[in-house]
Amino acid sequence: MRSIQKIGVLGAGRSAGYLIEYLASYCAASNRSLQVYDLQFDRLKASFRVLDSVALTVAELGDVAVLDGIVAELDLVVSVLPPTMHMAVAKACLQHGCHLFTASYTSDEMRALGEAAAAKGLLFMNELGLDPGIDHLSASRLLDEAKDQGLRVDGFESHCGGLVALEDCGDNPWQYKFTWNPTNVVLAGQGGTCVWKEDGVEQHLEGSAVFANARSIEVPGLGLFDVYPNRNSLTYETLYGLESSRTLLRGTLRRRGYCKAWALLVALGFTEPLRVGNWATVNDWFIDRTGYGNTHDWFASLESDDETMGLGEYVKFLRLDEGAFDLVVAGKTSAQILEAILLDRWKLGALDKDEVVMVHKFDLVDIDHQRKRWYSVLQVKGEGGDRTAMAKTVGLPLAMGVETFLEGMASGVGAVVPFDKSWYSPILRKLEGQGIVFKEYLA
């Protein structure tokens with residue numbers, strides 16, 4: 001295997017700033033080169049320090065030939081491209097003998113490449129961002145601590161949310177603004193059945209019903225939140241060694257009240273992602289979804305019904321009947337129209353600070369059959385503008401994972417997820433140095 005001297009970052013979007021800053025300093029100190037590829041770098045240069053030693057190259061990464069030519073010149077690739085592009089990157093890395101790091105979930109296709117990558121001595125590290133990523137690192141550490149203390153894990157929950165600092169929510173009853181991919185927020189729950197285990201019983205819930213069936217969780221030190229289940233939690237049952245745990249649930253956090261209000265939009269078809277409606281104007285769309293001609297009448301109907309009382313304030317804030325600047329509804333799905341409006345209503349202001357909250361909840365049993373509960377809580381606030389907590393908690397673990405690998409502190413081949421102590425111990429220590437610290441609570 002050739003020495004690793006040339007590091008390439010594919011993508012310079014909103015999640016890449018902290019990653020590039022950190023890797024640039026490390027590469028300069030270790031006499032390695034760092035090259036970043038994307039179509040434009042204005043956002044990156046406006047909000048982050050880019051060392052002169054970093055080469056910024058304009059490239060159409062969606063062009064397979066261009067991508068192949070770039071990877072051929074690198075030794076290690078960090079992809080912060082959309083997940084749908086990772087396979088093209090992985091295939092190029094496999095062909096040219098490059099290691100690969102991403103923050104995205106490990107797809108079946110990526111797993112299928114794992115054996116071939118391992119045969120070439122290549123590491124394809126996945127799920128090393130925030131969620132997935134920091135959740136794996138921190139949970140693995142606590143699971144190992146429980147095992148060392150002779151404690152049996154009877155229940156494990158892990159929840160995370162990209163939120164907005166309460167002081168920057170103003171009069172927004174949703175207490176939410178976009179800090180990440182808005183399409184993913186609008187289409188949340190559209191990806192099929194959610195699966196988890198609770199009190200020894202496997203649970204299944206259609207994605208379209210997750211908001212109507214959301215629960216609440218008390219996060220120590222931070223208060224009460226809504227939480228709804230993510231995808232298939234049981235994917236991690238074996239990876240976490242939780243086959244004997246009676247409860248295993250991974251979820252998404254929102255401020256209280258969000259889920260009930262969003263469930264209303266889901267029930268009325270506002271988040272429908274497939275069917276293009278026969279709408280000429282935004283008012284056609286609004287009437288078709290609600291049965292009312294304007295927000296005022298819709299608000300009145302909601303507030304006069306005991307089951308929907310309180311939701312009127314949420315829809316009043318959105319003013320969906322007013323549309324948004326330059327909004328065209330013809331030829332669009334309802335979800336696309338809703339997203340266009342929310343991009344205006346939920347826009348993160350230049351001075352607004354986002355907030356990441358993560359909580360792990362462990363139900364444990366000791367050798368005397370006494371029960372105890374551990375909580376591990378992370379709260380990270382952004383600095384404002386593009387220096388968001390979300391970008392920080394996605395980008396830094398990825399950068400630190402590369403550093404850990406290049407320092408020889410951890411190793412691996414094939415398609416890997418960062419559960420091992422050789423990964424979580426150094427990366428969590430590095431994160432603490434950047435103020436990303438979990439607080440532990442014993443209930």
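The values are calculated or read from the model by the stated rules, or taken from the named source; none is laboratory data. Keep in mind it's a predicted model, so treat the numbers as computed, not measured. All Cβ positions, even for glycine, are placed from backbone atoms using ideal geometry, and neighbour counts span all protein chains on display.
Details
One line per residue, one yes/no per condition, for (1) over 21 Å from residue 178 (Cα atoms); (2) among the hydrophobic types (A, V, I, L, M, F, W, C):
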site: 211; (1), (2): no, yes
site: 214; (1), (2): no, yes
site: 228; (1), (2): no, no
site: 238; (1), (2): yes, no
site: 245; (1), (2): yes, no
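- Against the list (1) in contact with a helix residue (DSSP H, G or I) (Cβ under 6 Å, 6 or more places away or on another chain); (2) modelled with pLDDT of 95 or more; (3) surrounded by fewer than 22 Cβ atoms within 10 Å (Cβ to Cβ), the condition residue 396 fails is (3).
- Restricting attention to the stretch 156-209, the residues that are within 26 Å of residue 239 (Cβ to Cβ) and of a type in the set (Ser, Thr, Tyr) add up to 2.
- The stretch 188-243 - residue that is part of a loop (DSSP other than H, G, I, E, B) and acidic (Asp, Glu) and, of those, farthest from residue 147 (Cα to Cα): 199
- Unique match (being closer than 30 Å to residue 145 by Cα, assigned by TED's automatic domain parsing to the domain that holds residue 246 and modelled with pLDDT under 95) among 326, 368: 368
- Qualifying residue in the stretch 327-350 (condition: surrounded by 19 or more Cβ atoms within 10 Å (Cβ to Cβ), closer than 30 Å to residue 141 by Cβ, in contact with a helix residue (DSSP H, G or I) (Cβ under 7 Å, 6 or more places away or on another chain) and touching a residue at least 24 places away in the same chain (Cβ under 8 Å)): no
- Restricting 51, 74, 81 to residues that are surrounded by fewer than 17 Cβ atoms within 10 Å (Cβ to Cβ), part of a loop (DSSP other than H, G, I, E, B) and either of a type in the set (Val, Ile, Thr) or outside the structural domain of residue 180 (by TED's automatic domain parsing) (or both) narrows the list to 51.
- Test: residue 252 is surrounded by fewer than 17 Cβ atoms within 10 Å (Cβ to Cβ) and β-branched (Val, Ile, Thr): no
- Extreme residue, nearest to residue 5 (Cα to Cα), among residues of the stretch 25-44 that are charged (D, E, K, R) and either surrounded by fewer than 13 Cβ atoms within 10 Å (Cβ to Cβ) or modelled with pLDDT of 95 or more (or both): 32
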